[in-house]
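Taking it in order: structure first as structure tokens, then the write-up.
The values are calculated or read from the model by the stated rules, or taken from the named source; none is laboratory data. No experiment lies behind these values; they were computed from the predicted model shown. For neighbour counting, all protein chains shown are included, and Cβ atoms are generated from backbone atoms with ideal geometry for every residue, glycine included.
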Amino acid sequence: MSGQQHYFRFSAHWLQQEGFREWVRDKWPSRFKHDPLDHWHVISSKLRRAIKCWGQNLDSQRRKQKQETIRRIAILDDWSEERELSHMEWEERYALDHIINQLMSEEELQWQRRGGVKWLLAGDSNSSYFHKCANGRRRKMHISMLEVNGQEVVEPGSLRDHITEYYKKLFGSEEVADMHLERDL
């Protein structure tokens, strides 16, 4: 795998999308494993992939819708400077304002999630300062280098492997001693 790995993160604004919950129910896998933990692992893996693709498609559609809405608003605004807009054109303009406000509030939800809890509580606006802080938080939380046995590990794949092995040892099951008693004892 080349480049940066993109992890799945659930976005709160997905819950506001019409039909999302029904879509998830339809994608919910049937019972694969008898053991509940194994079954949950299969379910979470399949749902994570499906929802990640759904979210990417939604984000792409939203970006296109936002660009098209802004373009159409600009056209109507230009027309209004040249001539009086008709009643239908004004209705379209107001509807476009409503759409752009809705898209912006959904986008703000995403940025608030990236910004962290203090931004949610403080209620800061979707400003350039906020974006810098949100991106700064991402940089601060990113692990770009670790020292392992006196050596620096900087390659993303090696970092991921080391971190995975560390937590496997930390949270994994304890090795059982392979001891046997002699039969004639």
Pair list, Cβ under 8 Å, 6 or more apart: segment 57-74 residue over 24 Å from TRP23 (Cβ atoms), other residue at pLDDT 90 or above and surrounded by fewer than 14 Cβ atoms within 10 Å (Cβ to Cβ): ILE73/ASP97
Total residues in segment 154-174, condition in a helix (DSSP H, G or I) and more than 16 Å from SER144 (Cα to Cα): 7
Verdict on ARG21 being farther than 16 Å from GLU106 by Cα, at pLDDT 80 or above and surrounded by 10 or more Cβ atoms within 10 Å (Cβ to Cβ): yes
Filter pass, GLY115 being on the phi > 0 side of the Ramachandran plot and at pLDDT below 85: no
